[in-house]
Each structure stands twice: as structure tokens, then as C-alpha cells.
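Beneath this line is the structure, given in C-alpha cells, with notes to follow.
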Amino acid sequence: MALSLENLRKNYELKTLSEHEVQASPIDQFEKWFKEAVKSEVLEPNAFTLSTADKKGKPSSRVVLLKSVSEQGFIFFTNYDSHKGDEISKNPWVAMNFCWLELQRQVRIEGIAEKISQEESDAYFYKRPTDSQIAAIISDQSKPLESRQELELRMERLRLYYTHNKIERPKEWGGYLVKPEMIEFWQGRASRLHDRLQYNLQKSGAWKTGRLYP
């Protein structure tokens, strides 16, 4: 029996988005919206869907956490040998999507992902809680795991080991910088006549802003 979702409908009327009120820089606009998401107590405002694709164009998506943003781009951390890391190594084009339903907003980003320096990865890794550092060491991310028990046993063994030994960041764990070439801001509006403002990076290095049909 099919699950009918036809009557699930919500009208968006919280806010508007005008060309006259956005920042000249999409990074500045993102930071403005992000601060509003934090102030509105959005659950995990730095969570976003990261989409990658293999050499044949087959896509895959997962939710990861943003850890830094600057004029250079957006930084997240992961295992370089994971499924996403493997795809990025073969096709560095990625897409990011932040969805803040409490504010009836989303932000879409498209750009090139590249590894950050080892020094930058070290700086963040050693700020993490000890258990998170150990988890990064024991996890062969995206590889088959026999059981949950095996994972927990490895955790307990390394907790004991690192009681007397120095933790070092594994070489396969670190950060990626996504250098954006397109950033789109979406504000839900009534009757599905949503506001969509898109910034596109020009060859000159300047950003061009335009409105899209919803």
C-alpha cells in the first residue's frame, strides 16, 4: 500500500529575501544567516548535506558538520580514506546544502574541495575531546564492520593504551576546504513563490548576484 504524502503542506510566511538587503559578499551573507540560525536555536546549525560524485557521475550524500568559514571557503573534517574522501580524490566538485527549517531557509553551495594543510588539521584535531581523537584513530570509515561490539572493544583498548601514550593525528584524517563558485540563498515564501538569490563567482574574482524563479 502506497504512503500518501499529498496533504503534507506548510505555507512559508516567516521572512522575505530582497536583493537590496543582502550583503555584497555571499560569505558575509552566510555568516549573517548562520548567526540568526544560532540565535534561533536551530538544532545543529552547522550540519549540512555534502554531496559528492564518482568519476562516472554517480552521486552520494551524507550529513557532516561545518567547522570553519572564511572568505577562502568552508572547512569540514573527515577520514580521507572514507567513501566521500575517495570520491573527492577522483572528482573534487562537491555540493553543500544547509537546511534551517525553523527559519524556512536553505543555503546551497557548489565548489571545489581540497585538503587543508597538515598544520591546520593538527590544530583542530588536538582541540577535540580525547574520545573523539581516539574514535578517529580506530574508525576505518566506510569500511565493513563485523559488529558494534568489535568497535567498542577497540575503543576500550585504545583508551587504555593512550592513558600512557601520546595521541597522534592519523595521517588519513584531516580537513577539506570547499572553495565556493556558487552560493544560493533560499527563503520560503507563501504559495511556493519562494525567494532565491544566487551568487556566482566571476573570472575577475567578483561575485555576481541574481534572482531565480522559485
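The values are calculated or read from the model by the stated rules, or taken from the named source; none is laboratory data. Values in this document were obtained by computation on a predicted structure and should not be read as measured data. Here the Cβ is made from the backbone with ideal geometry for all residues, glycine too, and neighbour counts use every protein chain on show.
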*Restricting the search to region 47-67, which residues are closer than 13 Å to residue 176 by Cβ and in contact (Cβ under 8 Å) with a residue 40 or more places away in the chain?*
48, 50, 52, 67
*Residue satisfying all of: in region 180-214; more than 19 Å from the chain's Cα centre (by Cα) and among the aliphatic types (A, V, I, L, M); farthest from residue 96 (Cα to Cα) among these*: 190
*How many residues are part of a loop (DSSP other than H, G, I, E, B), farther than 13 Å from residue 106 by Cβ and in contact (Cβ under 8 Å) with a residue 12 or more places away in the chain when one looks only at region 190-211?*
1
*Pairs only if they're at least six apart or on different chains, beta carbon under 8 angstrom, first in region 128-139 and modelled with pLDDT of 95 or more, second of a type in the set (Gly, Ala, Ser); list them, first residue then second.*
128/136
*Within the set of pairs 6 or more residues apart or between chains, which connect a residue that is within 17 Å of residue 25 (Cβ to Cβ) inside region 94-110 to a residue that is part of a helix (DSSP H, G or I) with Cβ atoms less than 7 Å apart?*
107/30; 107/33
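Table: residues versus (1) surrounded by fewer than 10 Cβ atoms within 10 Å (Cβ to Cβ); (2) in contact with a strand residue (DSSP E or B) (Cβ under 9 Å, 6 or more places away or on another chain); (3) at pLDDT 95 or above; (4) not aliphatic (A, V, I, L, M).
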residue: 175; (1), (2), (3), (4): no, yes, yes, yes
residue: 183; (1), (2), (3), (4): no, yes, yes, no
residue: 189; (1), (2), (3), (4): no, yes, yes, yes
residue: 196; (1), (2), (3), (4): no, yes, yes, yes
residue: 209; (1), (2), (3), (4): no, yes, yes, yes
residue: 213; (1), (2), (3), (4): yes, yes, yes, yes
